[in-house]
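Down below is the structure, laid out as structure tokens.
Bear in mind that the values in this text are calculations on the coordinates, not laboratory data. Since we're looking at a predicted model, the values are computed, not measured. Virtual Cβ from ideal backbone geometry, glycine too; neighbours counted across all protein chains shown.
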Amino acid sequence: MPALEAFVNKHGLLFTSGAWTSLYDGDQLCRCAILNNNNEIIGCFVYYRFKKSIFQFVISPPYTPHIDLFCVNPAESVVGKNTFNKELAEALSLYFSSLKTHYLSLNLPAGLTDTQPFIWAGFNSRTRFTYVIDLQQNESQLWDNLASEKRKSINKAQKDGLEISETHQYDVVYDLVLQSLDRNDKAKNTGILKEILFKYATPSNAFAFLASKDKQPIGATFCLVYQHTALYLFGGFNAANAHHGASVSCMWQSILKAKQMGLRCFDFEGSMNESIERYFREFGGTLTPYFCVEKMHPLMSTYFAIRKNKPV
Amino acid sequence: MILKPVENKEDFFEKSAQFAGVFGSRDWLTVYGDQLSLVGIYKDEQQLIGGFFYLKVKKYGFSFLKLPPYTPHCGLFFISESKNKSSANSFAKEVMAEVCQYIDAQKAALTVMAFPFYILDLQPFIWAKYKVVPNYTYRIALDKPMEEIRANFDSKNRNAIAKAIKDGVEVRSNGMDAESLYNFFNGTLTAAGANIYNTELKHIFYRFRQNHNSFSMEAYKDQVLLGTVFCIHDQTTCYYLLGGVDKNSGVQGVNNLLVQYCIEEAAKRGCKVFDFEGSMLKGVEKFFRGFGPELVPYYTVNKAKLPIELMLKFKKRELF
């Protein structure tokens with residue numbers, strides 16, 4: 001789809017770009033264009049579909065924070081812009097309803113707040129949160145906004161001789177990330193993880209930091225650069241040689257690197273897991289809501305309400 | 001931090017009005033008498049640093065925890081002294097976790113609460129298995145000239161207003177007494193098939209309504225009442241609380257004209273924002289959108305005992 005690729009490039013989109021979507025199995029990743037009445041591309045989004053048992057699922061692509069929904073709003077007036085957004089959300093709700101999946105759960109980008117048409121079309125609109133650090137602050141302000149525990153951890157790492165450095169050794173990063181995912185039973189779609197690290201990442205679109213002690217890697221962070229934002233995508237640590245300053249120091253250096261690159265924000269890319277939310281919170285970001293639209297057949301929803309969990 | 005029922009109501013009202021505005025004011029909360037539960041958030045046994053309110057009612061043998069009728073949110077406020085961003089976040093998280101625990105401890109069969117738009121951190125509710133659902137309101141900033149505000153109206157809306165004026169519709173302010181307002185809104189709400197809470201509706205007009213906290217705008221043609229809008233306000237925000245028109249009059253644009261007058265009156269009274277106070281109904285949302293406001297989400301939290309939740313999954317899918 002060269003026209004879509006040209007549109008994506010023109011607007012600097014990441015998760016709908018060919019470079020990103022080629023990391024996924026072409027049968028499972030759907031890249032969609034939004035057309036105006038003249039059949040011109042005015043927007044796009046992406047989603048991931050798969051089958052499990054007899055059920056069809058549609059979700060945000062793994063390791064992708066949201067569906068990267070973007071649309072050029074042609075209206076100039078406030079009413080016109082609101083109305084266009086409403087019509088866009090209505091068209092999307094119709095499109096997603098037409099997929100007739102058993103379970104649908106899609107994260108919308110943080111700036112997209114109008115989910116009313118989804119609600120009216122029988123979707124559930126759920127609120128999710130991430131922490132975002134404003135990088136317009138100077139380094140000293142960023143430091144002061146850290147929780148004292150985080151500052152202590154960073155100082156301790158320095159005192160204990162941990163080496164924190166930017167790395168392009170993505171095989172080491174992969175190994176540490178996989179160890180952490182394994183510990184939490186989350187090691188799914190590791191093929192995509194590899195593709196992101198070994199095929200997609202370049203010094204201009206991503207960066208990683210590694211913490212080592214006595215030349216042994218013990219913690220790592222990996223971030224993507226998306227327009228004016230650094231997105232913390234994943235990280236990991238070696239539990240056998242854990243040092244509580246290792247990952248914290250990598251994250252702190254990632255924040256500083258993002259600032260040096262002239263980026264405006266550092267986004268922790270979702271902080272909904274209770275145990276890691278506190279870890280992210282202590283870096284002093286602003287809690288930022290984003291929305292997730294969900295649709296499940298009521299019987300399926302009933303089944304999972306009784307089981308008190310979700311299908312994916 | 002201690003959460004407990006408020007004993008010193010005056011202390012609560014003073015702080016609550018300061019942060020939660022008119023819906024947290026003494027004038028408004030006394031509309032509900034003793035049936036309203038006021039909860040204080042105390043730093044120690046005595047120092048009130050926050051609070052909220054709710055209504056607990058029994059229906060069909062089940063207890064329901066909900067908002068008072070005609071009130072859009074639970075008025076939650078809290079005063080944070082933290083300067084460090086991380087500490088401020090942690091304090092907010094701690095408050096919300098305590099509020100969640102307190103609400104949970106009421107053991108209601110069904111809980112449906114909404115929070116003011118400035119309360120964002122609902123994560124503790126998500127972790128406690130509440131469904132956190134965004135609702136929306138529309139708000140217009142009044143810090144610009146009326147001409148500019150009017151220029152942001154949808155052209156169809158402006159045409160409807162112009163037509164109403166051309167058809168001889170006149171607008172008067174505060175021309176109806178409490179009894180007339182009550183009878184009017186009782187009639188229009190009944191006609192619209194909306195739930196009517198008679199006692200509270202009466203109290204709003206007989207007890208709450210004063211010139212410093214509210215106003216009404218009435219539209220007439222040939223001395224016949226065509227419609228009324230009733231707004232309440234504090235020093236910063238004016239809320240469109242109730243509105244209704246005589247649908248049989250055949251005159252177009254009456255409500256549009258009334259809202260324009262209300263926006264003007266709110267600006268005259270020094271309010272910085274005009275809030276349409278919830279716009280979740282499709283038809284109503286479209287009408288409000290025509291005034292060029294900004295869409296603002298606020299959050300509701302819903303939880304029910306499993307059998308009720310399962311039933312509501314079919315009947316009220318937007319909640320569960």
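Report the full-extension gain for the segment residue A:168 to residue A:215: residue separation times 0.36 nm, less the Cα-Cα distance, to one decimal in nm.
This chain segment gains 15.4 nm when fully extended.
About its Cα centre, how strong a charge dipole does chain A have in debye, to the nearest 20, once Lys and Arg get +1 and Asp and Glu get -1 at the Cβ?
700
Given N residues in segment A:1-113, what is its alpha carbon radius of gyration divided by 2.2 N^0.38 Å?
Segment A:1-113 yields a ratio of 1.09.
Mind checking the angle between helix B:178-191 and chain B's longest principal axis? C-alpha axes, 0 to 90 degrees, to the nearest 10.
90
Would you mind working out the magnitude of the charge dipole of segment B:198-314 relative to its Cα centre, with +1 at each Lys and Arg C-beta and -1 at each Asp and Glu C-beta, to the nearest 20 Debye?
320
With unit charges on the beta carbons (Lys and Arg positive, Asp and Glu negative) and the dipole taken about the Cα centre of the protein assembly as shown, which residue among B:41, A:102, A:184 sits farthest to the positive side?
So the residue we want is A:102.
Using only Cα atoms, what is the ratio of the radius of gyration of segment B:215-320 to 2.2 N^0.38 Å?
That works out to 1.35 for segment B:215-320.
Rounded to whole Å, give me the distance from the Cα center of segment A:88-150 to that of segment B:278-320.
Cα centroid to Cα centroid, the span is 18 Å.
Within 10 Å of each Cβ in peptide A:78-84, how many partner chain Cβ atoms are there on average? Round it to a whole number, please.
Per residue, the number of nearby Cβ atoms from other chains is 6 on average.
Rounding to the nearest 10 and keeping the result within 0 to 90°, find how far the Cα-based axis of helix B:85-105 lies from the longest principal axis of chain B.
Around 90 degrees separate the two axes.
Placing +1 on the Cβ of each Lys and Arg and -1 on the Cβ of each Asp and Glu in the protein assembly as shown, which of B:312, A:38, A:165 has its Cα farthest towards the positive end of the resulting dipole?
The residue sitting farthest along the positive end of the dipole is B:312.
Quick one: 3J(HN,Hα) in Hz for segment A:59-74, Karplus 6.51/-1.76/1.60 with θ = phi - 60°, rounded, Gly and Pro as x.
With the stated coefficients, segment A:59-74 comes to 9, 5, x, x, 6, 10, x, 7, 7, 6, 5, 9, 8, 6, 8, x Hz.
Give me the dipole magnitude in Debye, nearest 20, for the protein assembly as shown about the Cα centre, with unit charges on the beta carbon: positive for Lys and Arg, negative for Asp and Glu.
1500
Mind giving me the FRET efficiency for residue B:280 and residue A:81? R0 is 22 Å, r the Cβ-Cβ distance, nearest 0.05 is fine.
0.65
Please find, in a Gaussian network model of chain A (springs between Cα atoms separated by less than 10 Å), the residue of A:211, A:91, A:240 whose mean-square fluctuation is greatest.
Between A:211, A:91, A:240, it is A:240 that shows the largest mean-square fluctuation.
For the pair residue A:190 and residue A:239, what calculated FRET efficiency results from E = 1/(1 + (r/R0)^6), where r is the Cβ-Cβ distance and R0 = 22 Å, to the nearest 0.05?
0.75
Tell me the angle of helix A:170-183 to the major Cα principal axis of chain A, expressed in degrees between 0 and 90 and rounded to the nearest ten.
Helix A:170-183 sits at roughly 80 degrees to that axis.
For chain B, the longest stretch holding no GluC sites (Glu not before Pro) located in a DSSP loop with at most 11 other Cβ atoms within 10 Å is which?
Formally, the longest exposed-site-free interval is B:82-320.
Using a Gaussian network model on chain A with a 10 Å cutoff between Cα atoms, which of A:94, A:233, A:106 fluctuates the most?
Comparing A:94, A:233, A:106 in a Gaussian network model of chain A, the most mobile one is A:94.
Counting only Cα atoms, I'd like the Rg/Rh figure for the protein assembly as shown, Kirkwood definition for Rh.
Radius of gyration over Kirkwood radius for the protein assembly as shown works out to 0.99.
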